[in-house]
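Inspection log for the structure reproduced underneath, given as structure tokens.
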Amino acid sequence: MKTKTAMLALVAGLGLAPFTASADSTVKFWYHFDNPDNPMSDLVSKFEAANPGIKIDAQNVPWNSYYDNLYTAIVGGNAPDAAMLKMHALPRLTEMEALEPLDERIAAWDGREDLLDNLLDLTKAEDGKQYYLPIQYVALYLYYRADMLQEAGIEPPQTCEALRDAAVKLTRDTNGDGKIDTYGFGFRGAKSGHEHWGPFTLSRTGVALDDSLNSEAGVAGTQFLVDLFRNDKVFPPSAPNDGFQEIIGAFKSGVTAMTIHHIGSSNDLVEALGDKVSATIVPECGGGRWTTFGDESTAVLANASDKDAAWKWISFLSTTGNNALFNTATGQLPVTKSDTAAWDRHEKRFIDATQESLPFAKLLPASSATPEFVNTVWPTNMQRALNGEITAQQMNEAIAKLFAEN
């Protein structure tokens, strides 16, 4: 401790910042952008011009294999110096001791006060440390076809019951051929579909990702969705296997009238549908509302060859102006107050739906069970429940057991 104190005193005496990158450093940075209009090269050029001696090797890693590649690289000793990360990966990464704590660096960072309120609290690890620096965010809400609802004389649904009634009315044969060609709701039964299940189950009073899923209220939430598919038939038949591309494609083409996603889809939907698409918060079900707080952050990896250079790069990406440029490719919202005030990349109705969702938006638990829940346990059991292979109660029991054992 005395040695560390003496070193800090020496640094202060020389007029240097405690976190100073070494000369001639290269920061290997992993990120994932699907957007071909990628601003990363501009950001790298701007950073390198302002920070002579630090080079950024930015590698765009495909999303479908992003975390498999990352975990393999960490175990193999070939991890990047910094990376984009989601909260669901934090428990596993901290168990692997793969991340560098950022608390001292964030405390000394000039950009901290410009971050939106509560983002650092939402992205804090279970051990109380800050390993992540927020870089973008969303909150999921209900998309609806305003033209279809207006034609049917339906208001945007604000409760589970109203959503069911609307979905039933909107499921119909529109061309008179005797076959249903429009369904009331586009449900995501494949991976990440827990974001559709949560608003109907985790919204209910006293229900969370624990043994309370086995309560009457918890089972009722899952049963509500199963009934929408099996009894009311307001989901497309493909729903048990539908992922992101399927639900958005069906909504754009008019196969579905409502679905759940975030602002990242809004520009694409407006391009296809114009004013026919709108949004509202997810419905109140069983006493409350629940939606996903969707996050992306950056982190410095523990094995980084120059941690100070890596920190300098990720903090640059979360600084006003740079953060706005970064998010032109992501379709999500900036994390700085200054960039948010000037944001014009999305139409106001979708920004409003996002902001109105924040009071009840939640992150999944910082548990080692969460990645398995997201990737395996939820989609497997939801598909089986929708197909009638297991009951809603059995599905909830499987999820509750997973979290109880971890």
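Brief remarks follow.
- Residue count for the stretch 394-406 satisfying the condition of being surrounded by fewer than 16 Cβ atoms within 10 Å (Cβ to Cβ) and in contact (Cβ under 8 Å) with a residue 24 or more places away in the chain: 3.
- Members of the stretch 380-393 that are part of a helix (DSSP H, G or I) and either of a type in the set (A, V, I, L, M) or without any contact (Cβ under 8 Å) to a residue 12 or more places away in the chain (or both): Thr380, Met382, Arg384, Ala385, Leu386, Ala392
- Val207 in contact (Cβ under 8 Å) with a residue 40 or more places away in the chain, closer than 19 Å to Arg289 by Cα, in contact with a Gly (Cβ under 7 Å, 6 or more places away or on another chain) and not in a helix (DSSP H, G or I): yes
- Listed by position, the helices (runs of 4 or more DSSP H) enclosed by the stretch 259-332 that each have at least 1 residues that are without any contact (Cβ under 8 Å) to a residue 60 or more places away in the chain, open to solvent by 10 Å² or more (accessible area, probe 1.4 Å) and over 17 Å from Arg112 (Cα atoms) are 266-273.
- Lone qualifier among Lys233, Lys252 - being part of a loop (DSSP other than H, G, I, E, B), open to solvent by 10 Å² or more (accessible area, probe 1.4 Å) and out of contact with any His (no Cβ under 9 Å at 6 or more places or on another chain): Lys233
- Selection within the stretch 108-124 - at pLDDT 90 or above, open to solvent by less than 30 Å² (accessible area, probe 1.4 Å) and of a type in the set (A, V, I, L, M, F, W, C): Leu115, Leu120
- Matching residues in the stretch 46-78 - criterion: being part of a strand (DSSP E or B) and either charged (D, E, K, R) or out of contact with any Ser or Thr (no Cβ under 6 Å at 6 or more places or on another chain) (or both): Lys55, Ile56, Asp57, Ala58, Gln59, Asn60
- Residue in the stretch 333-348 that is least open to solvent (accessible area, probe 1.4 Å), counting only those that are assigned to a helix (DSSP H, G or I) and in contact with a Ser or Thr (Cβ under 6 Å, 6 or more places away or on another chain): Asp339
- Of all the numbered requirements in (1) open to solvent by less than 10 Å² (accessible area, probe 1.4 Å); (2) part of a loop (DSSP other than H, G, I, E, B), Leu225 misses one, and that requirement is (2).
Here is a yes/no grid of residues against (1) touching a Leu at 6+ places or on another chain (Cβ under 8 Å); (2) of a type outside the set (Ser, Thr, Tyr):
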position: Phe293; (1), (2): yes, yes
position: Ala302; (1), (2): yes, yes
position: Gln332; (1), (2): no, yes
position: Ser338; (1), (2): no, no
position: Ala341; (1), (2): no, yes
position: His346; (1), (2): yes, yes
position: Ile351; (1), (2): yes, yes
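- Residue match in the stretch 138-155 (condition: at pLDDT below 95 and farther than 30 Å from Ala341 by Cβ): no
- Test: residue in the stretch 238-257 that is without any contact (Cβ under 8 Å) to a residue 24 or more places away in the chain, farther than 20 Å from Ala167 by Cα and not aliphatic (A, V, I, L, M): yes
- Number of residues in the stretch 125-135 that are at pLDDT below 95 and open to solvent by less than 20 Å² (accessible area, probe 1.4 Å): the value is 1.
Yes or no, residue by residue, for (1) at pLDDT 95 or above; (2) part of a strand (DSSP E or B); (3) open to solvent by 30 Å² or more (accessible area, probe 1.4 Å); (4) basic (Lys, Arg):
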| position | (1), (2), (3), (4) |
| --- | --- |
| Leu358 | no, no, yes, no |
| Ser368 | no, no, yes, no |
| Val374 | no, no, no, no |
| Trp378 | yes, no, no, no |
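The values are calculated or read from the model by the stated rules, or taken from the named source; none is laboratory data. What you see is a predicted model, and the numbers here were worked out from it, not measured in a lab. Reconstructed Cβ throughout: ideal geometry from the backbone, glycine too, with neighbour counts over all protein chains shown. Side chains included, ligands, DNA and RNA excluded: accessible areas come from the protein's heavy atoms. Shrake-Rupley method; radii C 1.70, N 1.55, O 1.52, S 1.80 Å.
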